[in-house]
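One structure is given below, encoded as C-alpha cells.
The values are calculated or read from the model by the stated rules, or taken from the named source; none is laboratory data. Just so we're clear, the structure is a prediction, and the values are computed from it rather than from any experiment. Every residue, glycine among them, receives a Cβ derived from its backbone with ideal geometry; neighbour counts consider all protein chains shown. Side chains are part of the model used for accessible areas, which takes the heavy atoms of the whole protein and leaves out ligands, DNA and RNA. Shrake-Rupley method; radii C 1.70, N 1.55, O 1.52, S 1.80 Å.
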Amino acid sequence: QYGKFVSVPQFRGKAVLLAFMDSRCTEVCPVEAQEFLYAEKDLGSRAKNVVFVGVNVNPHANSVADVKRFTAVHGLGVLKNWHFLTGSLAQLVPVWRAYGIEVIVPKSGKQTAHSSYVYFLNPLGRERYLADANVLQRKNGTGYLPANLVKRWGQGIAHYLKQSANG
C-alpha cells in the first residue's frame, strides 16, 4: 500500500485476517471494511496482536493511489494494523491462486467479481479458519447488511482472530 514489498512472514507472531478486496468495489468489500472496524474495536487491547490485510483484486485499479483511496473512503486508515496491498497483475495473480481466489474482470473495467474468502492465519502464518463473506444487494447494485448484522459479523471476526492468536 505504500509502494513497499510485503509478505505474510513479515507478520509472524500476530494473527492475520487476510481478505481479497476490489479497490473500486461497491458491494461486499465496503461491508467487510465496516466489519473490520467493528472487529478491531471489539478486540480492544488485543488489536496490537492482529493484522488486517486486504489484497487488491482489481487489475484496472491496482495503483497505490487506488488502495489508499479505498482505505480513506471506508475509514480503514484509523486501523493502525491495516494493510491494503496491491501490485502488478504478474505479482497479484500468484497470490490469488495460492488462496483459491477467482477474479473475473468485466470488459467495463470497473469492479471485479471475485471470491470473497477471508482467511484467519495464526501467528505462525498457518490457516486457522476460513470464512466466505456474504451481503445483500440493493437494486442499484451496492451491497449492504443491516447495521446490527455488520456489528455482529465484526464481533465474530474479533472472536476468530482471538482464537487464531492462540494457535
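Excluding ligands, DNA and RNA, what is the solvent-accessible area per residue of segment 7-53 at a probe of 1.4 Å, expressed in Å²? Present the calculation step by step, with values, prior to reporting the outcome.
Details: 1870 Å² over 47 residues.
Accessible area per residue: 40 Å².
Longest exposed-loop-site-free stretch of the chain, with chymotrypsin sites (Phe, Trp or Tyr not before Pro), DSSP loop and at most 13 other Cβ within 10 Å? Before the final figure, lay out the partial values.
Values: sites that count: 2, 5.
The longest such stretch corresponds to 6-167.
Return the single residue from 22, 132, 66 with maximal mean-square fluctuation; model: Gaussian network over the chain, springs between Cα atoms under 10 Å.
It is 132.
Charges only on Cβ, +1 for Lys and Arg, -1 for Asp and Glu: so what's the dipole of the chain about the Cα centre, in debye to the nearest 20? Walk me through the intermediate numbers first.
Working: 20 positive and 10 negative charges, 67 e Å.
Here the chain has a charge dipole of around 320 debye.
Counting only heavy atoms of protein chains, what accessible area per residue, in Å², does segment 87-137 have with a probe of 1.4 Å? Walk me through the intermediate numbers first.
Numbers: 3150 Å² over 51 residues.
Here the per-residue accessible area is 62 Å².
Among the aspartates and glutamates, which fall within straight-line cross-link reach of residue 151, defined as a Cα-Cα distance under 18 Å, with same-chain neighbours fewer than 8 residues apart omitted?
Cα-Cα hits under 18 Å: 27, 32, 35, 40, 42, 132.
Give a quick list of trypsin sites (Lys or Arg not before Pro) in segment 66-124 that DSSP marks as loop, anything other than H, G, I, E or B, with at most 16 other Cβ atoms within 10 Å.
Working: sites: 68, 69, 80, 97, 107, 110; in loops: 80, 107, 110.
Passing sites in segment 66-124 are 80, 107, 110.
Could you work out what % of the accessible surface of the chain is carbon and sulfur, using a 1.4 angstrom probe and leaving DNA, RNA and ligands out of the count?
Details: 4720 of 8930 Å².
Taking all protein chains in place, the chain shows 53 percent carbon and sulfur surface.
From largest to smallest, what semi-axes in whole angstrom does the chain give when each is the square root of 5 times an eigenvalue of its alpha carbon gyration tensor?
Values: eigenvalues 105, 75, 40 Å².
Rounded to whole Å, the semi-axes are 23, 19, 14.
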